[in-house]
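J.: First the structure, which I've put down as structure tokens, then a few questions once you've had a look.
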Amino acid sequence: MRISVVQMNPGADKAANIDQARRLIGQAIEADRPDIVSLPEVWSCLGGTRAAKFEQAEALPAKGSNAPGGAAYEFLRETARGAHVHVHGGSIQESDGGEKLFNTTVVFDPDGQEIARYRKIHLFDITGPDGIGFKESNTYGAGDEVVTYTAGGVTVGAAICYDLRFPELFLALRRAGAEVIFLPAAFTLLTGKDHWEPLIRARAIETQCWLAAPAAWGRYLEGSRNEPRDTYGHSMVVDPWGHVVAQVSDGIGWATATIDQRVTARVRRDMPVLEHRALA
């Protein structure tokens, strides 16, 4: 199985973001012929005001219905169907009509059928090293489900950005059978430069899973004052031994890696850490 992680520089303009995603996915598919292509966290609307986030958010069809959805949802579906690939759709803002949105991943199979949906569990309520505060819970509600799906005979787990700091979720995904875990993200520049790669490699080593992390890169503007904020990028794929096997540098682009289940099986056979766990 070949997977591509796409690195975008999204902003608050959904139409422009869809155009950027279409161009990059098309280039990745033409060049590398992946079986799964993936996008970053909130790629359809990063930044802007709270009102803009609600305006850009989409009400998703009922699970399993495959009824029509909004512009971002339908773009992901048509990309999967048109290129006959799985699309792990990063995450988009989901509205269920309540006072909060959800930061939600949707996944489509090569026939354009939605096969998985995951709402981000851990919300980014922190103060960064530069003193800038982030309060996702002002806008988003938290999910509560551990989500996996099957693609090409491989069990795939879903996580989003700040989830990376909570290894218990990744252990739950491994216990649910995951061999690959996708982590779409919009990691901040200041936290990313110190923690992004070490944490991804740690989660891969702990779970003996492949970690695929498509990320947002570059500057976007947040809030009514258009405060500049920067994302780290460095989208990557890490193998179950913790090696970085593919990575995007600064700028937009993509990276592709081959998932070798023989590597996964060998690592798990030779170091059976899941069997050795003494604590829950």
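J.: Can you give the FRET efficiency to the nearest 0.05 for E145 and R81, using r as the Cβ-Cβ distance and R₀ = 35 Å? Present the calculation step by step, with values, prior to reporting the outcome.
T.: Values: r = 26 Å, r/R0 = 0.74.
The value I calculate is 0.85.
J.: In addition: Using r as the Cβ-Cβ distance of K100 and A280, and R0 as 45 Å, what FRET efficiency do you calculate, to the nearest 0.05?
T.: E between K100 and A280, to the nearest 0.05, is 0.90.
J.: Can you give the Kirkwood hydrodynamic radius for segment 2-276, in Å, rounded to one decimal and based on Cα pairs?
T.: About 18.3 Å, per the Kirkwood formula over Cα pairs.
J.: For G26, what charge total do you get from the other residues with a beta carbon under 13 Å from its beta carbon, if Lys and Arg give +1 and Asp and Glu give -1?
T.: Here the charged neighbours net out to -1.
J.: Now for a separate question. Quick one: among W241, W217, W254, which has the greatest mean-square fluctuation in a GNM of the chain with alpha-carbon springs under 10 angstrom?
T.: Evaluated over the chain, the most mobile residue of the options is W241.
J.: Over all distinct alpha-carbon pairs, what is the Kirkwood Rh of segment 146-191 in angstrom?
T.: Numbers: mean 1/r = 0.0902 Å⁻¹.
Evaluated over segment 146-191, this radius sits at 11.1 Å.
J.: Which of T191, T127, T104 moves the most in a Gaussian network model of the chain with Cα springs under 10 Å?
T.: T127
J.: Consider a paramagnetic label point 7 Å from the Cα of L190 along Cα→Cβ; state which residues of segment 197-237 have an amide N under 20 Å from it.
T.: Output list for this probe position: 197-199, 216-234.
J.: If you take the Cα Rg of segment 152-280 and divide it by 2.2 N^0.38 Å, with N the number of residues, what do you get?
T.: After normalising by residue count via 2.2 N^0.38 Å, the value is 1.12.
J.: Can you list the HN-Hα couplings for segment 77-94, worked out from phi with the Karplus curve (6.51, -1.76, 1.60; θ = phi - 60°), rounded to whole Hz and with x for Gly and Pro?
T.: 4, 5, 4, 4, 5, x, 9, 6, 10, 6, 10, 8, x, x, 8, 10, 7, 10
J.: Okay, moving on. Which number do you get for Rg(Cα) / (2.2 N^0.38 Å) in segment 1-159? The partial results should precede the final answer.
T.: On the way: Rg = 15.4 Å, N = 159, 2.2 N^0.38 = 15.1 Å.
So the Cα radius of gyration is 1.02 times the expected 2.2 N^0.38 Å.
J.: I would also like to ask the following. If you take every DSSP beta bridge whose two residues both sit in segment 2-276, what share of them, in percent to the nearest 5, is antiparallel?
T.: Working: 37 of 55 bridges.
Percentage antiparallel, nearest 5: 65.
Values in this text are rule-based calculations from the coordinates and carry no lab data. Given the structure is predicted, the values throughout are model-derived calculations rather than measurements. In this analysis, Cβ positions are derived from the backbone assuming ideal geometry, glycine residues included, and neighbour counts consider all displayed protein chains.
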